[in-house]
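K.L.:
Dropping a structure here in structure tokens format, bear with me for questions.
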């Protein structure tokens, strides 16, 4: 497991386990908390790399994470993949649109 200092910056750091590890419609409330979280990528990578089965992590429910793992079974490091995707997205957002 990688260093988890990122968790200190999580938007949900002050929530209880009962608020995060929920089922059904209550998951939407937990997912909403993730939308603006500065460590969403790290959180999602933690759950995917360690096959965490319960709760909302990085804005995805356990069902959504299972589907992602099934679609991408050959990924060996979700942390690396998600970080590369975040950087690529950041660079693309900085480029001016040329019409």
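No lab work stands behind these numbers, since they all come straight from the coordinates. Only a predicted model underlies this, so the values are computations on that prediction, with no experimental measurement involved. Here the Cβ positions follow ideal geometry from the backbone for every residue, glycine too, while neighbour counts run over all protein chains shown.
K.L.:
Applying the selection to the range 46-92, what residues are closer than 18 Å to residue 10 by Cα and free of Cβ contacts under 8 Å to residues at least 40 places away in the same chain?
P.N.:
Answer for the range 46-92, where residues must be closer than 18 Å to residue 10 by Cα and free of Cβ contacts under 8 Å to residues at least 40 places away in the same chain: 47, 48, 52, 54, 55, 56, 57, 58, 59, 60, 61.
K.L.:
Please work out if residue 34 is within 19 Å of residue 68 (Cα to Cα), surrounded by 10 or more Cβ atoms within 10 Å (Cβ to Cβ) and touching a strand residue (DSSP E or B) at 6+ places or on another chain (Cβ under 6 Å). Before you say what the answer is, go through the steps one by one.
P.N.:
Working: within 19 Å of residue 68 (Cα to Cα): yes; surrounded by 10 or more Cβ atoms within 10 Å (Cβ to Cβ): yes; touching a strand residue (DSSP E or B) at 6+ places or on another chain (Cβ under 6 Å): no.
Judged against the criteria, residue 34 is not a match.
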